[in-house]
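A short reminder: the numbers here are calculations on the coordinates, not readings from a lab. Note that the structure is predicted; figures quoted are calculated from it, not measured. Cβ placement follows ideal geometry from the backbone for every residue including glycine, while neighbour counts extend to all protein chains displayed.
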Amino acid sequence: MAQVYLAGPISDEENPYQWHQDVAALAPEIDWCNPFTLNDYSLDEAKTHTAEIFAEDLQAVQNSAAVLVRRIDEYNLCGASMEAFAAYQHDIPVIVWNDDDTGIPLFLEAVATDVYQNMSDAVEAIISELDSLPSPE
C-alpha cells in the first residue's frame with residue numbers, strides 16, 4: 001500500500017516513537033514513514049547535517065500519498081508544520097490528529113484536509129484518503 005508520512009513530535013519517554021508504532025499497529029498494511037528513522041545521525045551529528053535532513057524529509061513527504069500530523073498542546077510543531085505545508089503545496093492530503101482539547105493553529109488548519117480529535121479517527125481518515133486514490137496501472 002502507499003506510503004504515509006508521520007509528522008509530529010517524538011517523546012521524552014523510554015520509547016520516543018511510541019505514537020508512531022501505535023498508529024502503524026492500527027493499519028499495518030500502510031507503509032508508515034517515520035522521519036526520525038530516515039537517517040542514523042545522533043542528535044549532535046544532526047545539527048551539522050540540517051540541510052541534508054531537511055531535504056530528505058521534504059522528499060519523503062513528496063513521495064507520500066498522505067501526511068498524518070500529530071499535534072499536542074504546548075509543543076513546537078515547526079518541522080511538522082513545514083512538512084504539512086510541503087504536502088499541501090503538492091496536493092497531498094494532510095490529516096491532523098489534534099491530540100489535545102485546544103484548537104489547532106490557524107495556519108495548520110489552513111493546510112489540513114481534515115482534523116480529528118483521536119488517533120483511530122485520524123487513521124481511518126488516512127485509509128479513506130488512500131482508498132480514494134486511483135489504482136496504479
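Would you kindly state how much longer the chain becomes between LYS47 and ASP101 on full extension, computed as 0.36 nm times their sequence separation minus their alpha carbon distance, in nm to one decimal? The partial results should precede the final answer.
Details: separation 54, 0.36 × 54 = 19.44 nm, distance 3.30 nm.
Between LYS47 and ASP101, full extension yields an extra 16.1 nm.
Starting with the fewest neighbours, write out LEU68, LEU133 ranked by other beta-carbon atoms found within 10 Å of each beta-carbon.
LEU133, LEU68
Could you list ILE30, ILE95, ILE104 so that the one with the fewest beta carbons within 10 Å of its beta carbon is first and the one with the most is last?
Result, fewest neighbours first: ILE104, ILE30, ILE95.
Have a look at TRP32, TRP19, TRP97 and tell me which one the Gaussian network model of the chain (Cα, springs below 10 Å) gives the largest fluctuation.
TRP19
Just to be sure I understand the curve: with the Debye formula and one point per C-alpha of segment 24-99, what is log10 I(q)/I(0) at q = 0.15, 0.19, 0.26 Å⁻¹?
-0.57, -0.91, -1.34
Please arrange SER135, SER42 by counting, for each residue, the other beta carbons lying within 10 Å of its beta carbon, fewest first.
Placing the least packed residue first, the sequence is SER135, SER42.
Once the dipole of the chain is set up with Lys and Arg at +1 and Asp and Glu at -1 on Cβ about the Cα centre, which of ALA87, VAL115, ILE104 lies farthest towards its positive end?
Working it through, the farthest residue towards the positive pole turns out to be ALA87.
Going 7 Å from the Cα of GLN62 along its beta-carbon direction, which residues of segment 81-109 have the amide nitrogen within less than 19 Å of the resulting point?
Hits in segment 81-109 for GLN62 at 19 Å: 81-94.
Along the charge dipole of the chain, which of ALA65, ILE127, LEU6 sits closest to the positive end, that is, farthest toward it, with unit charges on the beta carbon of Lys, Arg, Asp and Glu (+1, +1, -1, -1)?
ALA65
Give the separation of the Cα centroids, segment 79-111 to segment 4-49, in Å.
Spelled out, the Cα-based centre of one part sits 17 Å from the other.
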